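All remarks here apply to the structure that follows.
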Amino acid sequence: QVQLVESGGGLVQAGGSLRLSCAASGTLVSANIMAWHRQGPGKERELVAAITSVGSTNYADSVKGRFTISRDNAKNTVYLQMNSLKPGDTAVYYCHSLRGDHWGQGTQVTVSS
């Protein structure tokens, strides 16, 4: 029974920072490609960042240099550190495990101008 539970979303002003967490159970983040996706209002869901089992990372061009994906294998948790937030980052952010194609419930991030 795989579960991915996101947390850490909220309301922040432009230029601020948030750190999202994805607590996994039933699957090992260390053995997965883990990813963060987001879906803003009126927009398609898009891949934001991903991290492989060997620690390689990939970012959407729109967040490169501002967001950092990481994991804590001991806590079986994936993180997304979001800095220099922009109003365009406003979205529901979802955690995704490619092995088994599991999704979290999402957490809302709202960036005000």
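The values are calculated or read from the model by the stated rules, or taken from the named source; none is laboratory data. Predicted, not measured: the structure shown is a model, and the values here were computed from it. Backbone-built Cβ (ideal geometry, glycine too); neighbour counts: all protein chains shown. Calculation scope for accessible area: heavy atoms of the full protein, side chains included, ligands and nucleic acids excluded. Shrake-Rupley method; radii C 1.70, N 1.55, O 1.52, S 1.80 Å.
The mean sequence distance of close C-alpha pairs (under 8 Å, at least 6 residues apart), as a share of the length of the chain, puts its relative contact order at 37 percent. Ranking PHE67, GLY100, LEU28 by how far each Cα lies toward the positive end of the dipole of region 8-106 (charges on Cβ) leaves PHE67 at the top.
Count charges around ALA50 for me, please; just the other residues with Cβ under 13 Å from its Cβ, Lys/Arg as +1, Asp/Glu as -1. Cβ neighbours under 13 Å give a net charge of +3.
Distances between placed amide hydrogens fall under 5 Å for GLY106 paired with GLU6, CYS95, all partners being 5 or more residues away or on another chain. Accessible surface computed residue by residue for the chain, with neighbouring protein chains in place and a 1.4 Å probe, gives 51 Å² per residue.
By accessible area, using a 1.4 Å probe on protein heavy atoms only, the chain has 49% of its surface on carbon and sulfur.
Given axes a ≥ b ≥ c from the Cα gyration tensor, I'd like to know whether region 61-113 is rounded (a/c under 1.5), prolate (a/b larger than b/c) or oblate. Judged from the Cα gyration tensor, region 61-113 comes out prolate (a/c at least 1.5, a/b above b/c).
The HN-Hα couplings worked out from phi for region 98-113 by the Karplus form 6.51 cos²θ - 1.76 cosθ + 1.60 (θ = phi - 60°) are 5, 6, x, 6, 9, 10, x, 7, x, 9, 7, 10, 10, 10, 9, 8 Hz, whole numbers, x standing for Gly and Pro.
Cβ-Cβ distance of LEU28 and SER7, R₀ of 25 Å, FRET efficiency by 1/(1 + (r/R0)^6): the value works out to about 0.80. Net charge in the neighbourhood of SER84 (other residues with Cβ under 15 Å of its Cβ; Lys, Arg +1, Asp, Glu -1) is +2.
How long are the three semi-axes of the equivalent ellipsoid of region 1-83, in whole Å, if each is the root of 5 times an eigenvalue of the C-alpha gyration tensor, listed from largest down? Walk me through the numbers before you get to the answer.
Working: eigenvalues 91, 40, 34 Å².
Value: 21, 14, 13 Å, ordered largest first.
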